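Enquirer: My structure is below; once you've seen it, I'll send some questions.
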Amino acid sequence: MKHFNEKHLHVIDPKGRLQLGRDVRRALKLRKGETLYLLPAAGGQPHLEIRTSAQWNDYKERFLGQAPGGRKRDFMRFVELSMEMVTADAQGRFSIPKRLRELCQLDGQVAVINMTFCVEVWNTEFVGAKWSEFARAFEDFNDSLL
């Protein structure tokens, strides 16, 4: 993929397993046997969000602080119907359930992006399609930081 650093390219093996790179595992403080929470992103280009237990608890606390209402209930329904929990092994590998791989269109080579609050896994073709949008956002924010 010409758009980004190859360290972000990973492969989902034929058994549906993904191994997170050492830098991502280190940033997440990921340990053998840790539960990971997988949630498909809804809307826009499909991709998968991965959270550690600590990230999931923070996410849940922020959600619980939101005002009650129908949108909050719909959010809860989406999470309950869509979320999967998996366990990481000592090498940072875990299986992505087939349903989520199909929903997020993840197969073969994927892009793994550490977003600090979660890790995103994208189909590399979708990253390429959105690259100019990502670059515009970078320009906007970068200019404001100078």
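Enquirer: Anything in region 15-59 that is under 19 Å from Met83 (Cβ atoms), out of contact with any strand residue (DSSP E or B) (no Cβ under 7 Å at 6 or more places or on another chain) and either assigned to a strand (DSSP E or B) or at pLDDT 90 or above (or both)? List them, or say none.
Expert: If the condition is that a residue be under 19 Å from Met83 (Cβ atoms), out of contact with any strand residue (DSSP E or B) (no Cβ under 7 Å at 6 or more places or on another chain) and either assigned to a strand (DSSP E or B) or at pLDDT 90 or above (or both), then Ala54, Gln55, Asn57, Asp58 are the ones that fit.
Enquirer: Ser95 - would you say it is of a type outside the set (Asp, Glu), modelled with pLDDT of 95 or more and within 16 Å of the chain's Cα centre (by Cα)? Step through it out loud before you land on a result.
Expert: On the way: of a type outside the set (Asp, Glu): yes; modelled with pLDDT of 95 or more: yes; within 16 Å of the chain's Cα centre (by Cα): yes.
Yes: the conditions hold for Ser95.
Enquirer: Moving on to the next point. Can you tell which of Phe63, Phe4 is surrounded by 15 or more Cβ atoms within 10 Å (Cβ to Cβ), over 15 Å from the mean Cα position of the chain (by Cα) and at pLDDT below 95?
Expert: Values: Phe63 fails: surrounded by 15 or more Cβ atoms within 10 Å (Cβ to Cβ).
One residue alone meets the criteria, Phe4.
Enquirer: Next question. Out of curiosity, is Gly70 out of contact with any Pro (no Cβ under 7 Å at 6 or more places or on another chain) and at positive phi? Full working, then the answer.
Expert: Details: out of contact with any Pro (no Cβ under 7 Å at 6 or more places or on another chain): yes; at positive phi: no.
No: the conditions fail for Gly70.
Enquirer: Also: Of Ser82, Ser95, Ser53, Ser132, which residue is among the hydroxyl-bearing types (Ser, Thr, Tyr) and under 23 Å from Val11 (Cβ atoms)? Even if it seems obvious, please write down each step before you answer.
Expert: On the way: Ser82 fails: under 23 Å from Val11 (Cβ atoms); Ser53 fails: under 23 Å from Val11 (Cβ atoms); Ser132 fails: under 23 Å from Val11 (Cβ atoms).
Going through Ser82, Ser95, Ser53, Ser132 in turn, just one is among the hydroxyl-bearing types (Ser, Thr, Tyr) and under 23 Å from Val11 (Cβ atoms): Ser95.
Enquirer: Here's another thing I want to ask about it. If I filter region 17-42 down to residues being small (Gly, Ala, Ser) and under 17 Å from Gln105 (Cβ atoms), which single residue comes out as surrounded by the most Cβ atoms within 10 Å (Cβ to Cβ)?
Expert: The extreme case among them is Ala41.
Enquirer: Is one or more of the residues making up region 43-52 surrounded by 13 or more Cβ atoms within 10 Å (Cβ to Cβ), farther than 19 Å from Val127 by Cα and free of Cβ contacts under 8 Å to residues at least 40 places away in the same chain? Let's see the steps before the verdict.
Expert: Just the residues of region 43-52 that are surrounded by 13 or more Cβ atoms within 10 Å (Cβ to Cβ), to begin with: 45-52.
In the following step, the residues that additionally are farther than 19 Å from Val127 by Cα were identified as 51-52.
Retained after the next criterion (residues that are free of Cβ contacts under 8 Å to residues at least 40 places away in the same chain): 52.
Checked against the condition, which is being surrounded by 13 or more Cβ atoms within 10 Å (Cβ to Cβ), farther than 19 Å from Val127 by Cα and free of Cβ contacts under 8 Å to residues at least 40 places away in the same chain, region 43-52 yields at least one hit.
Enquirer: Then there's this: Report the residue count in region 94-112 for those that are out of contact with any Phe, Trp or Tyr (no Cβ under 7 Å at 6 or more places or on another chain), surrounded by 15 or more Cβ atoms within 10 Å (Cβ to Cβ) and not aromatic (Phe, Trp, Tyr). Working first, answer last.
Expert: Step one: of region 94-112, the residues out of contact with any Phe, Trp or Tyr (no Cβ under 7 Å at 6 or more places or on another chain) are 94-109, 112.
Okay, now just the ones that are also surrounded by 15 or more Cβ atoms within 10 Å (Cβ to Cβ), so 94-96, 100-101, 103-106, 112.
Of the ones still in play, those that are also not aromatic (Phe, Trp, Tyr) are 95-96, 100-101, 103-106, 112.
Summing the residues that are out of contact with any Phe, Trp or Tyr (no Cβ under 7 Å at 6 or more places or on another chain), surrounded by 15 or more Cβ atoms within 10 Å (Cβ to Cβ) and not aromatic (Phe, Trp, Tyr) in region 94-112 gives 9.
Enquirer: While we're on this one: Does any residue of region 54-67 turn out to be among the aromatic types (Phe, Trp, Tyr), in contact with a Leu (Cβ under 9 Å, 6 or more places away or on another chain) and farther than 15 Å from Met115 by Cβ?
Expert: no
Enquirer: Take region 115-129 and flag every residue that is crowded, with 18+ Cβ neighbours inside 10 Å and either in contact with a helix residue (DSSP H, G or I) (Cβ under 7 Å, 6 or more places away or on another chain) or over 14 Å from Leu9 (Cβ atoms) (or both).
Expert: Cys118, Val119
Enquirer: Which count do you get for residues in region 116-137 that are part of a helix (DSSP H, G or I) and of a type outside the set (Lys, Arg)? Full working, then the answer.
Expert: The initial filter retains those residues of region 116-137 that are part of a helix (DSSP H, G or I), namely 124-137.
Pick out the ones that are also of a type outside the set (Lys, Arg) and you get 124-129, 131-135, 137.
Matching residues across region 116-137 total 12.
Enquirer: Given Leu106, Leu100, which one is in a helix (DSSP H, G or I), of a type outside the set (Asp, Glu), touching a residue at least 12 places away in the same chain (Cβ under 8 Å) and within 21 Å of Thr52 (Cβ to Cβ)?
Expert: Working: Leu106 fails: in a helix (DSSP H, G or I).
Leu100 is the lone residue from the list that is in a helix (DSSP H, G or I), of a type outside the set (Asp, Glu), touching a residue at least 12 places away in the same chain (Cβ under 8 Å) and within 21 Å of Thr52 (Cβ to Cβ).
The values are calculated or read from the model by the stated rules, or taken from the named source; none is laboratory data. In this text the structure is predicted, and so the values were computed from the model without any measurement. Because the Cβ atoms are built from the backbone with ideal geometry, glycine has one as well, and the counts that use them run over all protein chains shown.
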